1. Report the relative contact order of region 176-270, percent, no decimals, based on alpha-carbon pairs under 8 angstrom and at least 6 residues apart.
2. First check a/c for region 544-603, with a ≥ b ≥ c the square roots of the eigenvalues of its C-alpha gyration tensor; if it is under 1.5, answer rounded, and if not, answer prolate when a/b is larger than b/c or oblate otherwise.
3. Pairing the Cα long axis of helix 767-779 with the longest principal axis of the chain, what angle in degrees results, from 0 to 90 and rounded to the nearest 10?
4. From the cross-link list LYS189/LYS868; LYS245/LYS330; LYS323/LYS583; LYS111/LYS257; LYS702/LYS878, which pairs have alpha carbons spaced over 22 Å apart?
5. Which one, [x] 41.5, 144; [y] 35.3, 111; [z] 28.5, 93, gives Rg and Dmax of the Cα atoms in Å as derived from the coordinates shown?
6. If you roll a 1.4 angstrom probe over the protein chains with everything in place, what fraction of the accessible area of the chain belongs to carbon and sulfur, to the nearest %?
7. Could you compute the net charge surrounding MET473? Neighbours are other residues with a C-beta less than 13 Å from the C-beta of MET473; K and R count +1, D and E count -1.
8. Students often get this wrong, so check it: of LYS818/LYS935; LYS129/LYS150; LYS517/LYS565, which have C-alpha atoms separated by over 20 Å?
Amino acid sequence: MKWLFSLSIGIYRSSGLSVITYNSFQASYPSSIQSIYCGVTKSLFGTYRHQSISPSSSTVTVFCRNFRVGMPDKKPFQRLPLDACPVNYSIRLQPNLKSFTFDGLEDIQLKVKKSLTSITLNCCDIDVKEASYQADGSADKIKGEISYTKEDEIVKFSFPSEIQPGNGTLSVSFDGELNDKMKGFYRSKYTSPDGEERIGAVTQFEATDARRAFPCWDEPAVKATFDVTLVVPNDRVALSNMPVKSESPLGGDTKWKVMTYERTPVMPTYLLAFVVGEYDFVEARDADGVLIRVYTPVGKKEQGQFALDVAVKTLPFYNKYFKIAYPLPKMDLIAIADFAAGAMENWGLVTYRETALLIDPTTSSAKTCQWVALVVGHELAHQWFGNLVTMEWWTHLWLNEGFASWIEYLCVDHCFPEFDIWTQFVNQDLGRALELDALHNSHPIEVAVGHPDEVDEIFDAISYSKGASVIRMLHDYIGDEDFRKGMNQYLTKFQYSNAFTEDLWDALGKASGKPVKDIMSTWTQQMGFPVIKVEEKQEGNSRILTLTQEKFCADGQLPEGCTSKWLTPISICSSSSPGSPVKRILMEDKTTTVTLENVKPGDWVKLNGGTVGVYRVQYTPATLEAMIPAVRDRTISPRDRLGPQSDLFALARAGMVSSVDAFKVSSAFVNENNYTVWVDLSMNLGGQGMLLQYTDAEQAYKTFCLNLFKNVYQTIGWEAKEGESPLNAMLRDLVLSKMGRCGDSDVVAEANRRFEAHVSGTTLLSANLRSPVYITVLSNGNEETYNKMLQLYDAADMQEEKVRISRSLGCIKSPEIKKKVLKFAMSEKVRSQDTVFVIAGITGSVEGREIAWQFLQDNWAALHDRYKGGFLLSRLVKTTTENFVTEERAKDIEKFFEEHSAPAAERTIQQSCENIRLNAKWIQRDSVKVSEFLKNSK
């Protein structure tokens with residue numbers, strides 16, 4: 001099949017250009033190179049660059065900015081013309097917090113490059129009242145005729161006479177709605193200290209929602225400066241990216257004030273922000289003199305102190321790491337009541353969910369403190385990587401998010417070494433990435449993006465977690481010194497402008513002298529990752545390893561004609577050197593042989609030291625067996641204990657090894673004491689346990705888990721030890737939750753006792769015990785338990801506590817009460833951003849899954865209207881569909897979404913159905929053997 005690309009092309013050098021290719025395409029074309037017919041098999045909305053176009057070559061990469069593409073199931077898309085480009089926006093907005101509307105005026109200084117009769121901008125849900133253009137030096141204003149193309153989210157201003165090249169000002173007056181969709185310029189509901197419900201106005205512009213606040217060139221490559229003016233009620237706090245320049249009454253009206261802000265640096269529209277509401281703050285200056293403030297709800301400024309302490313350490317850390325000073329005079333972090341994402345890196349004004357910023361010293365858990373530290377580290381990294389240097393187009397989103405998701409761990413490790421955060425990375429990011437990327441319905445890290453509808457689909461574990469994982473692997477391969485040098489060169493060269501993924505590879509390659517671009521292109525431009533299969537033989541005191549790589553697929557079945565191959569950094573450790581590699585290689589071929597000297601017969605060897613590589617490893621039974629004693633006695637590092645069992649469970653799910661063997665190996669962890677190793681093992685066992693709910697071995701599975709966790713439970717106990725690490729607190733949470741869910745009688749009895757004391761006010765639960773106690777009493781409770789939990793929810797003043805309770809409610813066993821949980825999730829008591837997670841909470845059982853899926857279908861219109869065009873819709877679809885186990889249910893889900901379109905969740909639906917079919921295969925292939933093993937297990 002062929003599609004037509006009508007192009008006007010040439011050899012260009014400009015940051016405003018994109019490339020319409022995915023790697024490259026085969027083309028035939030006339031010598032004029034004015035039109036190209038391309039036979040392609042993938043979406044061609046990429047932004048790749050090539051040094052030249054060769055008319056004699058059959059493989060070309062074409063520079064182009066304006067194009068329309070006809071693709072199956074893809075909307076035609078055209079980036080805005082740049083015949084006129086913005087230089088500066090002067091924006092004045094007046095939000096009405098009672099009518100939920102806002103009035104706006106903007107003067108956009110333009111550079112007009114050629115004669116034109118119209119100017120096209122992005123615009124969505126904005127009513128433009130008037131538009132005019134005035135050339136610099138001219139007294140005449142030309143009034144424009146206004147027309148919209150709603151589907152493409154653009155407004156066009158057509159003028160009666162030609163606008164000539166040069167500079168001028170486009171003036172636009174408009175009004176819009178403070179919507180309740182948590183995107184654009186929207187309203188947020190909060191409660192004042194006296195209990196009154198109030199409304200604030202906040203922004204969330206990434207990826208393409210600045211156009212909901214003011215007409216603009218809403219593309220990351222079209223940067224400009226911004227002068228912001230906000231007209232707000234006199235008793236409200238009003239913030240923007242830059243410090244306040246002036247404050248004055250509105251024409252003698254004491255109810256309103258006019259706030260103007262300093263001019264921003266050159267930046268894209270998606271980083272602009274404003275917030276209007278009531279806030280307290282705490283402040284400090286970092287070591288470099290930057291003023292940092294954390295804004296909190298009124299009366300709760302002490303809850304901002306932890307995040308402030310983190311930020312004061314973090315900004316100087318990045319300053320030193322990048323060797324580039326933070327370029328703005330202030331940094332504000334603010335807690336927003338209604339917020340869809342975890343946080344957003346607006347330059348100088350970072351917005352957060354309350355649960356990602358606020359810490360109460362008495363009621364916040366160690367896990368929440370760690371989460372806040374990571375999120376603050378992530379968003380402040382973006383101030384350089386994303387804000388100072390910005391991706392050219394959304395195709396390169398992964399680089400922004402993957403890099404920030406990696407360096408947040410580097411930062412937290414620096415600030416809080418007691419978290420052992422890099423071990424947690426292996427579980428939280430690498431593990432999640434490998435699980436999703438093994439699916440046939442995954443996507444490359446660098447996925448071509450066209451229409452804005454497609455952007456939300458790639459805010460997922462591939463862009464974030466796999467992106468972070470390949471950067472971690474690259475950092476390990478080239479070393480920290482060269483990595484820092486390359487980062488500085490990259491950020492310095494492209495500061496205040498835009499860059500492509502390849503620009504970073506060039507900088508890191510030059511700094512390290514290693515083939516970074518060749519290596520990383522195999523990881524970012526093709527889907528999936530390899531499994532390295534290991535064969536070994538002993539020759540004297542040498543161990544000969546034969547390594548073979550092939551694409552790892554969750555079902556164990558390679559796609560027909562698959563020739564995927566990765567340039568893979570491999571590290572190998574052994575019994576004699578468990579903490580550092582005895583050998584490092586770059587595996588370039590499908591098969592390679594490695595000789596390890598001074599390895600005695602009986603010594604173990606392990607690939608992927610530190611579990612840094614983005615690949616699975618399949619050992620022979622003998623090789624794996626030799627490693628088990630080092631796991632059992634913990635002479636091998638936690639990361640290296642975690643990796644092999646994680647790989648084994650994944651291989652078992654794919655049918656490549658026995659699931660029974662995976663359970664047998666898990667028994668070797670009976671004396672495990674590391675929090676993160678237990679988290680990963682618990683997740684892997686939980687995945688098997690979910691499937692066993694559809695067999696008669698569910699209770700045998702629970703008994704197996706209770707026996708496995710018994711030693712660590714007896715060691716960790718209920719009471720915190722003097723001076724214990726936060727990891728021990730998190731381990732206690734994990735162990736008690738697991739024992740409670742599995743019905744251990746002692747744990748259930750003690751949880752009930754402590755819960756009753758907590759409810760009565762006799763002895764309040766410590767922060768770190770609340771989650772496991774809530775989960776345990778609900779998992780084994782009744783309607784009375786549920787009602788008491790709701791009372792706690794209503795009384796909770798901290799959003800962290802409300803989230804903790806609401807996400808636990810679905811653990812209740814009664815189907816009728818589960819239905820009440822769903823009604824509660826949709827009620828005014830639950831914030832819209834939390835509803836999805838409350839619904840997900842009931843899906844831990846067979847009955848709960850059925851109830852949630854039916855609920856989704858019955859309430860699809862309301863849920864879709866609430867979350868359409870956002871990542872929360874994908875999360876909702878994923879959690880309510882992916883854990884079924886029959887082909888019939890997969891077909892039901894496919895049919896439903898054929899009739900109920902959800903473009904933002906399209907890939908998620910495919911992934912869910914693939915997971916269901918994987919579950920069905922496991923039930924058919926392994927459930928009987930695993931059930932027999934568990935029933936006979938002692």
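The values are calculated or read from the model by the stated rules, or taken from the named source; none is laboratory data. Note that the structure is predicted; figures quoted are calculated from it, not measured. Cβ placement follows ideal geometry from the backbone for every residue including glycine, while neighbour counts extend to all protein chains displayed. Surface accessibility is based on the protein's heavy atoms, side chains included, excluding ligands, DNA and RNA. Shrake-Rupley method; radii C 1.70, N 1.55, O 1.52, S 1.80 Å.
1. On the way: 178 pairs, mean separation 24.7, N = 95.
It rounds to 26 percent for region 176-270.
2. Values: a/c = 2.58, a/b = 2.25, b/c = 1.15.
In terms of gyration-tensor shape, prolate.
3. Once rounded, one gets 70 degrees.
4. As for pairs spanning more than 22 Å Cα to Cα, those are LYS323/LYS583; LYS111/LYS257; LYS702/LYS878.
5. So the calculated entry is the one marked [z].
6. Percent of accessible area from carbon and sulfur atoms in the chain: 48.
7. In short, +2.
8. Pairs exceeding 20 Å: LYS818/LYS935.
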